[in-house]
């Protein structure tokens with residue numbers, strides 16, 4: 001089970017990396033890559049699966065997981081809004097995407 005959790009953690013972090021990378025690639029033109037919302041959604045789904053698996057063992061920090069879930073949902077919603085609106089995306093939504101991604105990773109590593 002430890003290997004499965006470790007593999008899911010790697011995939012979860014790779015999804016966040018892809019999402020942040022696609023945002024950086026599109027930052028100048030503000031035309032989001034279609035893969036960005038899918039990467040964020042993939043990280044969200046993998047995070048939920050990881051939270052369930054860790055909670056089964058009984059050593060989960062539920063407050064940390066709840067905050068990470070909230071931040072991931074915000075990042076996912078912002079990414080899909082940016083995909084729908086394209087270059088007309090508001091600055092709050094556009095810059096909220098990398099802020100939420102980085103905040104989620106910081107919470108995961110430092111808290």
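Read-outs throughout are calculated quantities, based only on the coordinates presented, and are distinct from any laboratory measurement. None of these values were measured; they are calculated from a predicted model. FYI the Cβ positions are ideal-geometry reconstructions off the backbone, even for glycines, and counts take in every protein chain you see.
Here are the numbers for the structure shown:
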read-out: Principal-axis tilt of helix 35-57 within the chain, Cα atoms, nearest 10 degrees; value: 10
read-out: Helix 2-26 axis, angle to the chain major axis (alpha carbon atoms, nearest 10°); value: 10
read-out: Segment 63-111 and segment 9-59: distance between their alpha carbon centers, rounded to Å; value: 10
read-out: Sequence ranges 4-14, 27-37, ranked by mean other-Cβ count within 10 angstrom, highest first; value: 27-37, 4-14
read-out: Nearest 10 degrees, 0 to 90: helix 91-110 Cα axis against the chain principal axis; value: 20
read-out: For segment 2-110, the spread of Cα positions along each principal axis, largest first, Å; value: 45, 24, 22
read-out: The chain - mean residue ellipticity at 222 nm from DSSP helices (-39,500 (n - 2.57) per run, n ≥ 4, rounded to 500); value: -29000 deg cm²/dmol
